[in-house]
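One structure is given below, encoded as structure tokens.
The values are calculated or read from the model by the stated rules, or taken from the named source; none is laboratory data. Bear in mind the structure is a predicted one, so any value in this text is a computation, not a measurement. In this analysis, Cβ positions are derived from the backbone assuming ideal geometry, glycine residues included, and neighbour counts consider all displayed protein chains.
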Amino acid sequence: MKTRRMFFGALAISLAVGSQAMAGGSIPLPAGNFSLTVSGSESSPPCSSPTSCVVLNIIEAGATVRDSKGNGCGTHVAVVNTSPPGTAFPQVATITHVFKLTGYDPATGIGDQALTEYFGGSCNGATFVATGNPVMVTTGALHFAVSEGGNRIDNVVTSLNVEGNPATGFSLTFTERSQSSQNQQ
């Protein structure tokens, strides 16, 4: 009976740690060129009651360059519309986004990064360049998992500030896919 408990205890621990860590491997931080898609919703302005909110649907597509330290910079186009869509046209904006690694566990491929988004600015590789007087519009935090041999990064937004105001109602996911792996197929 004691052996059986030890076996199931060891099995549970190995499942929690992950097969990569148990095998002694590590998952390096992905670097290179990545496509970026974002999907989700947020409320605007911060809601004081259910009827004081406007729910916004958000979709974004663009590209990011990541360095070997886990930091990234890129641009994307954001399309924002009310939910349900009304008679107004969606808002379309070009955004420069910056990712700054805040923590990473190579045994599991799971980490956290800070997000900053600007109207304006540019990127030199994974480094943000403050050209043309950029305006910071969004800051936040993302929790991510690396998969598919470093060719995919899935992010969930865990905190968000829009123009200095904390967002209270949001549900956003980011997916990054290595562009170089698609060329090798």
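Please determine, by comparing only the residues of the stretch 87-110 that are over 17 Å from VAL137 (Cβ atoms) and in contact (Cβ under 8 Å) with a residue 60 or more places away in the chain, which one is surrounded by the most Cβ atoms within 10 Å (Cβ to Cβ). That would be GLY109. Counting the residues of the stretch 58-111 that are more than 30 Å from SER26 (Cβ to Cβ) and either out of contact with any Cys (no Cβ under 9 Å at 6 or more places or on another chain) or modelled with pLDDT under 95 (or both) gives 23.
All of (1) at positive phi; (2) at pLDDT below 90 hold for VAL55 with one exception: (1).
Yes/no per residue for (1) exposed (fewer than 12 other Cβ atoms within 10 Å of the Cβ); (2) aliphatic (A, V, I, L, M); (3) in contact with a Lys or Arg (Cβ under 8 Å, 6 or more places away or on another chain):
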{"position": "ALA61", "(1), (2), (3)": "no, yes, no"}
{"position": "VAL79", "(1), (2), (3)": "no, yes, no"}
{"position": "PRO85", "(1), (2), (3)": "yes, no, no"}
{"position": "GLU117", "(1), (2), (3)": "no, no, no"}
{"position": "VAL129", "(1), (2), (3)": "no, yes, no"}
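Looking across the stretch 149-178 at every residue that is free of Cβ contacts under 8 Å to residues at least 24 places away in the same chain and within 8 Å of the chain's Cα centre (by Cα), the one that is surrounded by the most Cβ atoms within 10 Å (Cβ to Cβ) is identified as ASP154.
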